[in-house]
Amino acid sequence: MAIDTADTVTATLHYFSPPEDGSKPYIYINADASTGQRQRNWVTVPHEVQVENIRGKEDTVSLDTTGFQYYRRSVKHTTFENDEVIEKEYYPESIELVKELTGASRAVIFDHTIRRRRPGEVEDTPQKRQPVPQVHIDQTPESARARVRRHLPEGDVPKLLAGRFQIINLWRPISHPAYDWPLALCDYRSVDRHNDVVPTTLKYPDHDGETYSVKFNPGNKWKYLRGMSPEELVLIKCYDSKDDGVTANFTPHTAFEDSTTPKDAPLRESIELRLLVFYD
Ligand code: OGA
Ligand code: FE
């Protein structure tokens, strides 16, 4: 059978390479103000991969198979300039949306990040985040459970931890279509969950979190939605307590430089919400 390469781009993605001394990997959430580097005890390695544009084939992915799913839903809040207003306006409509799309009984947003690409700028602080050019998964099972304990009322925690829960990111472009530095997502079924992911301490100013770094696997199948518009969104599953060996458990993802980006495309702007999602 001929391979259809018409809508596939070749891209360089940056994967994890473990510390040589065998110590547990760590990385700081905030970059050094002068160099723009995030302190860490490991390096990334570039690998050339194929990334398939699945526009027109969005129904080939889903939260429980590939780990991510695209939807078209416009949004009432569109300015995304002020955190307080975002929390007041964008959070409630997004909670309702995620419950509608997933069938969840409860959804709690614990964090959001706005990213605007600024070529040549090294500042990378909570107010000035840029696209993330390395393959990662936001949580591990350990840090997912810690998020439940941290953000939900103490009395609810035992029951919530006993039921099915997920961490899902709601990612959407803001202002204009995200042709520039789009987000690539890796089909869960093409990842070896026991050998490809490595727990990595994420150093916040006041506490430690944990993410998965991701080692290269030549079988990885990467997808993206070219020119995603602000009326489109992707739900990215970062964790699922349902552990049946079939249901997608997580989704490696990374921003990448897309050689097909139109020359005059505006720089990428996006917002991602992080949600704890519970099922009765
Ligand atoms: C995320 C994420 C990176 C980006 O949404 O979790 O890692 O470049 N985003 O948007
Ligand atoms: Fe992420």
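Taking 0.36 nm per residue of sequence separation and subtracting the Cα-Cα distance, how much length would be gained by fully extending the chain between R193 and D111, in nm to one decimal? All intermediate terms of the calculation are to be shown ahead of the outcome.
On the way: separation 82, 0.36 × 82 = 29.52 nm, distance 2.57 nm.
Computed gain between R193 and D111 is 26.9 nm.
Given H placed 1.01 Å from N in the peptide plane, which residues other than close sequence neighbours of S62 have an amide H under 5 Å from its amide H?
G67, F68
According to the Kirkwood expression over distinct Cα-Cα pairs, how big is the hydrodynamic radius of segment 172-280, in Å?
15.9
Calculated FRET efficiency, R150 and K263, Cβ-Cβ r, R0 51 Å, to nearest 0.05?
Rounded to the nearest 0.05, the efficiency is 0.70.
Give the range of the longest stretch in the chain that excludes all GluC sites (Glu not before Pro) found in loop regions by DSSP and having at most 15 other beta-carbon atoms within 10 Å.
124-230
Whole-Hz Karplus ³J(HN,Hα) for segment 271-277, in order, using 6.51 cos²θ - 1.76 cosθ + 1.60 and θ = phi - 60°, x for Gly and Pro?
For segment 271-277, the Karplus-derived couplings read 10, 10, 9, 10, 10, 8, 10 Hz, x marking Gly and Pro.
When the accessible area of the chain is computed with all protein chains present and a 1.4 Å probe, what percentage of it is carbon and sulfur?
49
If you count only protein heavy atoms with a 1.4 Å probe, what accessible area per residue comes out for the chain, rounded to a whole Å²? Mind dumping the intermediate values first?
Values: 13500 Å² over 280 residues.
That works out to 48 Å² per residue.
Take the Cα gyration tensor of segment 8-278, multiply each eigenvalue by 5, square-root it, and list the three semi-axes largest first, rounded to whole angstrom.
Here the semi-axes work out to 25, 23, 21 Å.
Show the residues, 5+ positions off or on another chain, whose built amide H is closer than 5 Å to the amide H of F16.
V45, V214, K215, F216
Taking every DSSP beta bridge with both residues inside the chain, roughly what % is antiparallel (nearest 5)?
Around 90 percent of the beta bridges assigned by DSSP in the chain are antiparallel ones.
Can you pick out the pairs among K128/K223; K24/K159; K57/K221; K99/K159 whose Cα atoms lie more than 25 Å from each other?
As for pairs spanning more than 25 Å Cα to Cα, those are K128/K223; K24/K159.
Please list, in order along segment 10-22, the HN-Hα scalar couplings obtained from phi with the Karplus expression 6.51 cos²θ - 1.76 cosθ + 1.60 (θ = phi - 60°), rounded to whole Hz, x for Gly and Pro.
8, 9, 9, 10, 9, 9, 8, 10, x, x, 5, 7, x
Taking every pair of alpha-carbon atoms in segment 40-96, what share in percent sits in each 10 Å bin, from 0 to the bin with the longest distance?
Taking all Cα pairs of segment 40-96, the binned fractions are 16, 26, 27, 29, 1 percent.
Can you work out the Karplus-derived ³J(HN,Hα) for every residue in segment 56-67? Use 6.51 cos²θ - 1.76 cosθ + 1.60 with θ = phi - 60°, whole Hz, and x for glycine or proline.
Per-residue couplings from phi come out as x, 10, 4, 7, 8, 10, 7, 4, 8, 9, 7, x Hz.
With r defined as the distance between the Cβ atoms of Q127 and R73 and R0 fixed at 25 Å, what FRET efficiency is calculated, to the nearest 0.05?
About 0.40, to the nearest 0.05.
Of Q127, A33, G155, which is farthest along the charge dipole of the chain in the positive direction, counting Lys and Arg as +1 and Asp and Glu as -1 at C-beta?
G155
E93 to H47: extension gain in nm, 0.36 nm per residue of separation minus the Cα-Cα distance?
12.7 nm
Trypsin sites (Lys or Arg not before Pro) within segment 20-61: which are DSSP loop residues with at most 16 other Cβ atoms inside 10 Å?
Details: sites: R38, R40, R55, K57; in loops: R38, R55, K57.
Sites meeting the loop and neighbour criteria: R38, R55, K57.
Could you pull out every residue, at least 5 positions away or on a different chain, whose amide H is within less than 5 Å of the one on R268? Hs are placed 1.01 Å off N in the peptide plane, and Pro or chain starts have none.
It is R117, D180, by chain and number.
In debye, nearest 20: dipole of the chain around its Cα centre with unit charges on the Cβ of K, R (+) and D, E (-)?
Roughly 160 debye for the chain.
The values are calculated or read from the model by the stated rules, or taken from the named source; none is laboratory data. Since we're looking at a predicted model, the values are computed, not measured. Please note: Cβ atoms are built from the backbone with ideal geometry, for glycine as well, and neighbour counts cover all protein chains shown. The accessibility values were calculated without ligands, DNA or RNA, using every heavy atom of the protein model including side chains. Shrake-Rupley method; radii C 1.70, N 1.55, O 1.52, S 1.80 Å.
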